[in-house]
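Contents: one structure, followed by commentary.
The values are calculated or read from the model by the stated rules, or taken from the named source; none is laboratory data. For clarity, every value in this text was computed on a predicted model and none was experimentally measured. A quick note on method: Cβ atoms are made from the backbone with ideal geometry, for glycine too, and the neighbour counts reach across all protein chains shown. With ligands, DNA and RNA removed, areas are computed over all heavy atoms of the protein, side chains included. Shrake-Rupley method; radii C 1.70, N 1.55, O 1.52, S 1.80 Å.
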Amino acid sequence: MGKWLSRIHRGNLFVGRRLLCSADGSQTKARTDEDGVAAAAIQILGKTYPRDAMTNVTPTIAELVGRNLHLAPHNPVNIIKQRVVHHIHKTYTNRTGNALYAHFDNVPPVVSTEQNFSSLLISPNHPARSKKDNYYINNEVMLRAHTSAHQRDFIQMGFDHFLVTGDVYRRDEIDRSHYPVFHQMEGVRLFTRDKLFENCSDKTVGLFEEEGSDMATESRDKQAMHTLEAVKMMELNLKETVVKLVKDLFGRETEYRWNPCYFPFTHPSFELEVKFKGEWMEMLGSGIMRQDILVNGGAHDKIGWAFGLGLDRLAMLLFDIPDIRLFWSKDARFITQFESVGIDPSTDVSFRPYSKYPPCYKDVSFWLPSQGDGEGFNGNDFCDVVRSVAGDLVERVEEKDRFCHPQTDRTSLCYHITYRSMDRTITNREINTLHNTIKALSAEKLGVEIR
Ligand code: FA5
Ligand code: MG
């Protein structure tokens, strides 16, 4: 279970300690000043917010807002998002064959504390609200700590099936699997009585207990107002939805287990762990939504389940990415490894850690052999020549420029080659020798004319 919610889980046990910690106001102030947060106002996504005693978003975090890795081309977080959405869209369609679930992935991460907490029935003095664990912009607005912050709002807009993907922010340690910014996908599905029991011949079974009846009490298995039949159907549907997804992403042989857990906004609640490379990894939290959330969203006559999925962890598992920080890397050597990865699992790659040794860049330009457009020439042939000469010292070959001479009708190509060793610093002299050999061999084997 994630740290943030394990605190919710342990509830009162932590309240005492939490209060002692945050009572040290001077310490909080000193840290804030060190981080250099502007005194009077704070800017997030181009908007200015007044600072107050709750403000604890640092410039470092503020800079990460808007990076939107879940929207960035080729970022594994984006790839995994697309795979999940693709699975859900192809598996669940409506009467007319269109996707059942709506998907929202551009809801800004600045939310009110009402959305992040109160809309989910998290009480005003609940430890989950602690300044120690959350990024507050001020007393009223914060960077969302989970995508659940949007559940009530989308229900209110009339959506009965939806996914919400976004960046979420939590004050936490930074290590291989923890970063203060990560990405979640929320899944919500509401059912009417008729939809949930459509294959059930008993027309008397319903979603809700009669008020005041013996069964209208909360138990380990259900909320007071729900019937046990409805909750069990919902639990089956939720678990089936999630397990189908996991098997589609990780393969049919994937080992998984459900653990009971606690969230203030679901009951009963379940957490899913998946075994990957011999270790259990928590992937999501889920449960039957607290009925008050549906009531507040105007869907009092329905019942709902919800899940919240950690996209970064999914991507780490799927692509063998050893460190969550890599997703944020601006080094082209990270992102280029995922350029050919698409929705299809057959395009999967395993991440290759790269060295810190410096690159050496060289260009080569040549006229293509045939008259006209040089149709007989194939870029892959050129890459083979490059590889045959420079082997593992080649990191990347890119077509940089192509043009057709208006008078001679000949086509010219320019390639940009990145050379780098994984284990030593290469010299310009040694690369010049290789590069010249590549030029000579290209002329000889491919019939190009070096310019
Ligand atoms: C939640 O955030 C709940 N909102 C999930 C939920 C939604 C429950 C709907 C019920 C109904 P939790 O804190 O456990 O729960 O986070 C959910 C998932 O996010 C985790 O299972 C994990 O995959 C991922 N996650 C949590 N913390 C981190 C972190 N620091 N780094 C990377 N991934 C994380
Ligand atoms: Mg958890």
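Entry remark, the stretch 263-293: residues being touching a Lys or Arg at 6+ places or on another chain (Cβ under 6 Å) and closer than 21 Å to Ser123 by Cα number 2 in total.
Only one of the numbered conditions (1) within 16 Å of ligand 2 (Cβ to nearest atom); (2) farther than 28 Å from Ala72 by Cβ; (3) open to solvent by 20 Å² or more (accessible area, probe 1.4 Å) is not met by Met281, and that is (2).
As an exercise: evaluate Ala390 against (1) among the small types (Gly, Ala, Ser); (2) exposed (fewer than 13 other Cβ atoms within 10 Å of the Cβ); (3) within 14 Å of Lys362 (Cβ to Cβ) and give the number of the one condition it does not meet. Answer for Ala390: the failing condition is (2).
Taking the stretch 408-439 as the range and being under 17 Å from Val397 (Cα atoms) and assigned to a helix (DSSP H, G or I) as the test, the residues that pass are Ile431, Asn432, Leu434, His435, Asn436, Thr437, Ile438, Lys439. Annotation for the stretch 60-81: at least one member residue is at pLDDT below 95 and among the β-branched types (Val, Ile, Thr). If you go through the stretch 406-420 and pick out every residue that is open to solvent by 30 Å² or more (accessible area, probe 1.4 Å), out of contact with any Cys (no Cβ under 9 Å at 6 or more places or on another chain) and in contact (Cβ under 8 Å) with a residue 12 or more places away in the chain, you end up with 2.
Being of a type in the set (Phe, Trp, Tyr) and surrounded by fewer than 19 Cβ atoms within 10 Å (Cβ to Cβ) is true of Tyr92. Has the stretch 336-349 got any residue that is within 16 Å of ligand 1 (Cβ to nearest atom) and modelled with pLDDT under 90? No, the conditions are met nowhere in the stretch 336-349.
Matching residues to (1) outside any helix (DSSP H, G or I); (2) in contact with a Gly (Cβ under 6 Å, 6 or more places away or on another chain); (3) in contact (Cβ under 8 Å) with a residue 12 or more places away in the chain:
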residue: Glu229; (1), (2), (3): no, no, yes
residue: Lys244; (1), (2), (3): no, no, yes
residue: Leu249; (1), (2), (3): no, no, yes
residue: Asn259; (1), (2), (3): yes, no, yes
residue: Glu271; (1), (2), (3): yes, yes, yes
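Thr32 meets each of the listed conditions (1) farther than 30 Å from Leu317 by Cα; (2) open to solvent by 30 Å² or more (accessible area, probe 1.4 Å); (3) at pLDDT below 95; (4) part of a helix (DSSP H, G or I) apart from (2).
Taking the criterion of being among the hydroxyl-bearing types (Ser, Thr, Tyr) and open to solvent by less than 40 Å² (accessible area, probe 1.4 Å), the residues of the stretch 421-450 that qualify are Ser421, Ser442. Going by the structure shown, is Glu186 open to solvent by 60 Å² or more (accessible area, probe 1.4 Å), at pLDDT 95 or above and among the acidic types (Asp, Glu)? So Glu186 does not fit the description; no.
Could you please let me know if Gly251 is surrounded by fewer than 22 Cβ atoms within 10 Å (Cβ to Cβ), away from ligand 2 (no atom under 16 Å from the Cβ) and farther than 30 Å from Ser119 by Cα? It is true that Gly251 is surrounded by fewer than 22 Cβ atoms within 10 Å (Cβ to Cβ), away from ligand 2 (no atom under 16 Å from the Cβ) and farther than 30 Å from Ser119 by Cα.
Residue count for the stretch 273-288, restricted to those that are more than 7 Å from ligand 1 (Cβ to nearest atom) and either assigned to a strand (DSSP E or B) or of a type in the set (Val, Ile, Thr) (or both): 8. Listed by position, the strands (runs of 3 or more DSSP E) contained in the stretch 79-184 that have at least 2 residues being in contact with a His (Cβ under 9 Å, 6 or more places away or on another chain) are 102-104, 161-169. Of the residues Asp160, Asp172, the single one that is within 16 Å of ligand 2 (Cβ to nearest atom), surrounded by fewer than 20 Cβ atoms within 10 Å (Cβ to Cβ) and over 17 Å from Arg67 (Cα atoms) is Asp172. Once the stretch 287-326 is narrowed to residues that are more than 17 Å from the chain's Cα centre (by Cα) and either within 15 Å of Glu273 (Cα to Cα) or among the β-branched types (Val, Ile, Thr) (or both), the residue that is surrounded by the fewest Cβ atoms within 10 Å (Cβ to Cβ) is Val295.
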